[in-house]
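Okay, so here's the structure we're looking at.
The values are calculated or read from the model by the stated rules, or taken from the named source; none is laboratory data. Please read these numbers as outputs of a predicted model, since none were measured by experiment. Cβ placement follows ideal geometry from the backbone for every residue including glycine, while neighbour counts extend to all protein chains displayed.
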Amino acid sequence: MKLMNALLSPVGRKVLTGATGIGLVAFVIAHMIGNLTYLSPDVNAYNAYAYKLMSLGWLFYTIEILLALCFLLHAAVGISIRVRRRKARPVGYKFYKSAGTPGKSGYSARSMIFTGIILLGFLILHLNSFKYGPGVAEGYTVELAGIGEVRDLRRLMTEKFQEPLYAFGYPLVMILLGMHMRHGVWSALQSLGMMSRRLSPYLYTTAAILGILVAVGFLFVPLYIYFGV
């Protein structure tokens, strides 16, 4: 009961969003690196990468469940914090001014709830298009040396990103992801007590650079497919 009360307190909710946020950032970076294997000279590299993930068996599904719980908890607590703030101040600020240097109340900070909701909707669409999209039963198969017939996820990705809606909609959402991460990483470190006045400017800059790199990393593949394949 004491633990539950602590987690539901204002400080506890911030710690929860920070911890789940850091976990999701680690997943996003790993997912981005995996996506970049599409660009490998070996045309089977991406499918081999996807197959290795699936071959983890129970471990893969356990990680999926933990990620789903992490995402849902992060979203629920984030929305809860937003609702409580709105109740405490029903009339928003007319102007925003930074309380320090660098500014922490920029657009990426103020739009966290909106970018988060868009990312939630995107995740549902993304899972429906790729994880639960056409597979072996629909003829999306490829032969991997030493393995045999596996799902041809590379073909599915190529087909999807040759469609303008996917090719340009996906990068747009990735830019929003970068904005969300820009403030989210810095805020998470602060919530977890890993911040100091001396380190704050450097960590804020690092978070901004990380957000940009992740956005660019995810932008590259769909635009390469649309313009280069």
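Structure above, values below:
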quantity: Criterion: surrounded by 13 or more Cβ atoms within 10 Å (Cβ to Cβ), closer than 21 Å to F220 by Cβ and hydrophobic (A, V, I, L, M, F, W, C) - qualifying residue of L16, L36; calculated: L36
quantity: Residue in the stretch 186-199 that is aromatic (F, W, Y), in contact (Cβ under 8 Å) with a residue 40 or more places away in the chain and part of a helix (DSSP H, G or I) present; calculated: yes
quantity: Some residue of the stretch 157-166 being of a type outside the set (D, E, K, R), under 18 Å from the mean Cα position of the chain (by Cα) and either surrounded by fewer than 20 Cβ atoms within 10 Å (Cβ to Cβ) or assigned to a loop (DSSP other than H, G, I, E, B) (or both); calculated: yes
quantity: Sole residue being surrounded by 14 or more Cβ atoms within 10 Å (Cβ to Cβ) and farther than 19 Å from T17 by Cβ, chosen from V136, V185, V221; calculated: V221
quantity: Residue within the stretch 207-216 that is farther than 30 Å from V43 by Cα, surrounded by 15 or more Cβ atoms within 10 Å (Cβ to Cβ) and out of contact with any Ser or Thr (no Cβ under 6 Å at 6 or more places or on another chain) present; calculated: yes
quantity: Helices (runs of 4 or more DSSP H) wholly inside the stretch 1-81 containing at least 3 residues that are modelled with pLDDT of 85 or more and under 21 Å from Y140 (Cβ atoms); calculated: 10-35, 45-54
quantity: Pairs, first of a type in the set (V, I, T) in the stretch 166-177, second part of a helix (DSSP H, G or I), C-beta under 6 Å, six or more apart; calculated: V173/F122; I175/A215
